[in-house]
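Asks: Sending over a structure as structure tokens; questions will come in a sec.
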Amino acid sequence: MNKTETKKYINERIHNKIYSKIHHHEYEANYYFRNRHKGLAGIDEEQTAGLAFNAVRNLRVWKEIRLLCNSEEQLTT
């Protein structure tokens, strides 16, 4: 692989990893919010709500990372 192919490969891998993390946290947040009143694996509703809010926080972080990676400054370098 030459330098441009390597750079393209690395950028694609980065974007794919970010996409998969965002998808994972979206699924996790939806799952915990949907099942927050059922009592998952013997834990109470308060703990389940904590897991849901943690997933939402992680989702916000990964979306911000995606935004920073797709910014104009990053694309031109």
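The values are calculated or read from the model by the stated rules, or taken from the named source; none is laboratory data. For clarity, every value in this text was computed on a predicted model and none was experimentally measured.
Asks: Can you tell me which residues in region 25-74 are at pLDDT 75 or above, basic (Lys, Arg) and more than 28 Å from residue 13 (Cα to Cα)?
Replies: The answer is 34, and nothing else.
Asks: Going by what's in this entry, would residue 4 be described as at pLDDT 85 or above, assigned to a helix (DSSP H, G or I), over 10 Å from the mean Cα position of the chain (by Cα) and β-branched (Val, Ile, Thr)?
Replies: Working: at pLDDT 85 or above: yes; assigned to a helix (DSSP H, G or I): yes; over 10 Å from the mean Cα position of the chain (by Cα): yes; β-branched (Val, Ile, Thr): yes.
Against the criterion (at pLDDT 85 or above, assigned to a helix (DSSP H, G or I), over 10 Å from the mean Cα position of the chain (by Cα) and β-branched (Val, Ile, Thr)), residue 4 qualifies.
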